[in-house]
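Just below is one structure, and these are the notes that go with it.
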Amino acid sequence: MAKLDLRGVVKRFGDNTVCDGIDLQVDTGDMVCLIGASGAGKSTLLRCINLLEPIEDGAIYLDGEDISVPGLDPQGVRARIGMVFQSYNLFPHMTALENAMLAPRRVLGRSRDDLRPEVEALFTRFGLADRMQNYPDQLSGGQQQRVAIVRALAMRPEVMLFDEITSALDPQLVGEVLDVLLMLKAEGMTMLLATHEMGFARQAADKVCFLKDGKIVEEGPPETLFGSPKHPDTQAFLARALK
Amino acid sequence: MKTPKAAGLTRREIYEAQQRRRSVLVASTSTVLAVVALVVLVPLTPGWDKVKRSFFNADVLVDTFPKLLDAFLINVMIFAWCAPAIAVLGLLIALARDAKSPALFPLRIFGATFTDVFRGVPVILTVYLIGFGIPGLGLPRPWNSPYIWGSLALILTYSAYVAEIFRSGIDSVHHSQRSAALSLGLSERQVMRDVVLPQAVRNVVPAQMNMLIALQKDVSLLSFIGPVEIFRQAGVFKSLTANFTPYVGAAIIFLAVTIPATRYADYLMAKQMKERR
Ligand SMILES: Nc1ncnc2c1ncn2[C@@H]1O[C@H](COP(=O)(O)OP(=O)(O)OP(=O)(O)O)[C@@H](O)[C@H]1O
Ligand SMILES: [Mg+2]
């Protein structure tokens, strides 16, 4: 059974159908990459999975449980699914450490003392040991994004969603964030990411899905999708993206 | 080729220093001219001697100033209990107006009506209506005190404005902060309390400072319903001395408080503008 299973997901903003019947499976421990042009609906799909946007039709299953039932309390689901955004979205009025401890304290009811060792271990693992007491505006973009990842991981999520987390970074900082993803993959984290980093998707993904106008046009292992794409739209997109 | 240097300065630095000296010179000349015009021309006006005697009488000022200061303590006291009440009520009204749950709909209506009414009526009218109206119900002491009801009038009026400022602060927090907090599993309430409000409050500190300054001045309106605060005290002295100088004394005392406070608010505002950029 897939960890995350999307069946015919439809999302509209008014007349604009942004996700148009998406079927997508993410198996436990896999890294799945969503690629596609700007406006294809990648971010929206991720937001739907985290129940930040209600879907019009279809269903989303997490471990076989339908999490898209209208009226379901989204909090419990969101606590199990971590999300990292393009623009970091750290809380500017808290230190990096407080950013990471807020949700486990409030949502899981854990105490600071109880949390501290494991959260500090996360910071240390991702090279942020000496940055824990800094406020976000005292950190570089790459550091902020790694703190955002730590913040999501501190909830011990079962699945992680990443929305173009390197797009706002200076090119020389992209590597340090992608390295974090590779570490998570090695640990067996289940991940779904929207990305423009074709080289990374090709090297690290277990499956790549090409999205166009809210539909998955083609999907497959990276060797196939990048090596011998079948659909003309995929070919055209890759020709432009890999140029 | 190297740029020529004099005294270790670059060409540009020399030029800028010249410009600075020029503007200081122009500014001081025009200031001196303006002051001279005031000092020389105003006393030439036909009524100046009379005005000077009745508004700027040094003897009267020296005699009444200590008493005025005492009376000002009453202003400070009223201010001191109104300000925290306004902060709390203003915040509650702001939250009520943004309440989303349908059960709280009456609260929203109440919040909206409250701000509409108390922003729409002149402060002095609210002070009169509440300050005379409620004690007029024949309440026993101390519940007929104008201090209580006058303060309430100020609290209600200022809470309405302060609530609107808090609301603008809440709106100023980017929605991506909400998304991020929600995605971590926080509830709407927790998002508001832990993520949105702390940022919102910080964003509106300078604007709220300006409300405090306005409140400090408006405390004097309570004089119309009884309390002998500084404005009323100055009025008493005016009658006793048949001279307006006590009013000037009161103005000096107000300025001594409000000018530093205004400067500080402006400083905070400027600092915040810089941080935003
Ligand atoms: N809150 C919203 N309200 C209305 N329309 C929206 C909203 N969010 C997204 N859209 C629309 O949905 C479409 C898909 O947007 P989305 O952000 O999901 O694309 P994307 O694939 O992530 O693109 P990018 O690569 O630029 O991030 C766009 O046409 C966008 O205008
Ligand atoms: Mg996007």
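The values are calculated or read from the model by the stated rules, or taken from the named source; none is laboratory data. Just so we're clear, the structure is a prediction, and the values are computed from it rather than from any experiment. Virtual Cβ from ideal backbone geometry, glycine too; neighbours counted across all protein chains shown. All accessible areas refer to the heavy atoms of the entire protein, side chains included, with ligands and DNA or RNA removed. Shrake-Rupley method; radii C 1.70, N 1.55, O 1.52, S 1.80 Å.
Things worth noting here:
- On Cα atoms only, tilt of A:96-108 relative to the major axis of chain A in degrees: 80
- Peptide B:184-197 has a mean shielding of 5, counted as Cβ atoms of other protein chains within 10 Å of each residue's Cβ.
- Positive-pole candidate from A:L173, B:I93, A:S68, dipole of the protein assembly as shown, charges at beta carbon: B:I93
- Residue order for A:H196, B:H175 - accessible surface, 1.4 angstrom probe, largest first: B:H175, A:H196
- Per-residue [θ]222 nm for chain A (sum of -39500 (n - 2.57) over DSSP H runs n ≥ 4, rounded to 500): -11500 deg cm²/dmol
- B:T241 versus B:H175: modelled label distance in nm, points set 7 Å from Cα along the beta carbon direction: 6.1
- Sorting B:152-159, B:75-82 by their mean Cβ neighbour count within 10 Å, with the most densely packed peptide first, gives B:152-159, B:75-82.
- Placing unit charges on the Cβ atoms only, positive for Lys and Arg and negative for Asp and Glu, gives chain A a dipole magnitude near 340 debye about its Cα centre.
- Computed [θ] at 222 nm, deg cm²/dmol, chain B (DSSP H ≥ 4; -39,500 (n - 2.57); rounded to nearest 500): -26000 deg cm²/dmol
- Hydrodynamic radius (Kirkwood) for chain A, which is based on Cα pairs only, to one decimal in Å: 18.5
- Annotation: extensible slack from B:R189 through B:V257 equals 20.6 nm (criterion: 0.36 nm per residue apart, minus Cα-Cα distance).
- Size of charge dipole - the range B:49-276 - debye, nearest 20, with Cβ of Lys, Arg +1 and Asp, Glu -1, no other charges: 220
- Among the residues of A:67-75, the average count of other protein chain beta-carbon atoms within 10 Å of the residue beta-carbon is 1.
- Positive-end extreme of charge dipole, the range B:49-276 - chosen from B:L182, B:G138, B:F105 (charges on Cβ): B:L182
- Global form of chain B, assessed from the alpha-carbon gyration tensor, a/c cut-off 1.5: oblate
- In chain A, the longest principal axis of the Cα atoms and the axis of helix A:141-153 are about 90 degrees apart.
- Net charge in the neighbourhood of A:A37 (other residues with Cβ under 11 Å of its Cβ; Lys, Arg +1, Asp, Glu -1) is +1.
- Partner shielding of A:78-91 amounts to 4, given as the average count of beta-carbon atoms from other chains within 10 Å of each residue beta-carbon.
- Once the Cα atoms are used to define both axes, helix A:232-241 deviates from the longest principal axis of chain A by about 40 degrees.
- Relative contact order, percent, chain B [alpha-carbon distance under 8 Å, six or more residues apart]: 25
- The order of the peptides B:215-225, B:198-208, B:250-260, B:177-187 by mean Cβ neighbours within 10 Å, most packed first, is B:177-187, B:215-225, B:198-208, B:250-260.
- Using Cβ point charges alone (K and R +1, D and E -1), the dipole size of the protein assembly as shown about the Cα centre works out to roughly 2340 debye.
- Global form of the protein assembly as shown, assessed from the alpha-carbon gyration tensor, a/c cut-off 1.5: prolate
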